[in-house]
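Asker: This is the structure I want to talk about, given as structure tokens.
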Amino acid sequence: MSENRAQRILPGEADYISRAKDGDKDAYRVLVEGYQDRLFGLVISLVPHREQAEDLMQEIFIKAYFALQSFEGGSAFYTWMYRIASNHCLDHLRKRRPEQVSIDQPLKDDSTITFENTLEAPLSERPETRLDAPTEAVALLGTLKPDERVILTLRELEGHSYEDLAEVLNCPINTVKSRLNRAREALKQAYFQIYGNISDSKIVLDNREKP
């Protein structure tokens, strides 16, 4: 197990999972408290409205609780949780109409949260993409398809490896790479349509293969 993956496992996690499966709600509460901040970083970057994000978090943990018996330990628990969270967010994004976000002015609505003032998720160890302008990032990601938003968020903001992404998205690593490349290209095209000159972009993309 890599050091990065090991760091994501809660101390005593296996015992808490076992007890939660037996109906110990206090044990499940420990798991919720251990993962809620990390999962909220994913959710708030996909659904940048605090009230909606909080509602989705509640739904995600309820869904995970009732699906707990299906967790057999074949993957890391955090990967399993991210899969549930990602799928739930995808369902939510696909059901609602895209929002019109203005890139010309900062987001001022208190209910609208930018990456800068709420999300301190790490970039990947070798980031191909750096989202340096929070308001622009929110607006640009909002123009992408839901699956493109999810894979960019997981890779570039949450710092998941290709192996992690393959487990979370339940697909081969080669598929992860091709989806990621398509998402990066879509992000570049979205920037080009708005700003017209990708060479001056504050979003730096590098499509070379990295682990």
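Asker: Leaving ligands, DNA and RNA out of it, work out the accessible area of VAL30 with a 1.4 Å probe and give it in Å² to the nearest 10.
Answerer: 50
Asker: Further question: Using a 1.4 angstrom probe and counting only protein chains, how large is the accessible area of LEU56 in Å², to 10?
Answerer: Rounded to the nearest 10, that gives 10 Å².
Asker: Need one number for region 28-80: average projected area of the convex hull over its C-alpha atoms, nm².
Answerer: Numbers: hull surface 14.7 nm².
Orientation-averaged projected area of the Cα hull: 3.7 nm².
Asker: Another question about this same structure. Just grab the label-to-label distance for THR175 and ARG50, each label 7 Å out from Cα along the Cβ direction, in nm (one decimal).
Answerer: Reported label-point gap for THR175 and ARG50 is 3.8 nm.
Asker: For region 45-90, what is the accessible area per residue in Å² when the probe is 1.4 Å?
Answerer: Details: 2030 Å² over 46 residues.
Normalised by residue count, the accessible surface of region 45-90 is 44 Å².
Asker: Can you list residues from other chains, or at least 5 along the same chain, whose modelled amide H is less than 5 Å from the amide H of HIS49?
Answerer: ILE113
The values are calculated or read from the model by the stated rules, or taken from the named source; none is laboratory data. Small disclaimer: the values here were computed from a predicted structure and weren't measured. Every residue, glycine among them, receives a Cβ derived from its backbone with ideal geometry; neighbour counts consider all protein chains shown. SASA here: full protein model, heavy atoms, side chains in, ligands and nucleic acids out. Shrake-Rupley method; radii C 1.70, N 1.55, O 1.52, S 1.80 Å.
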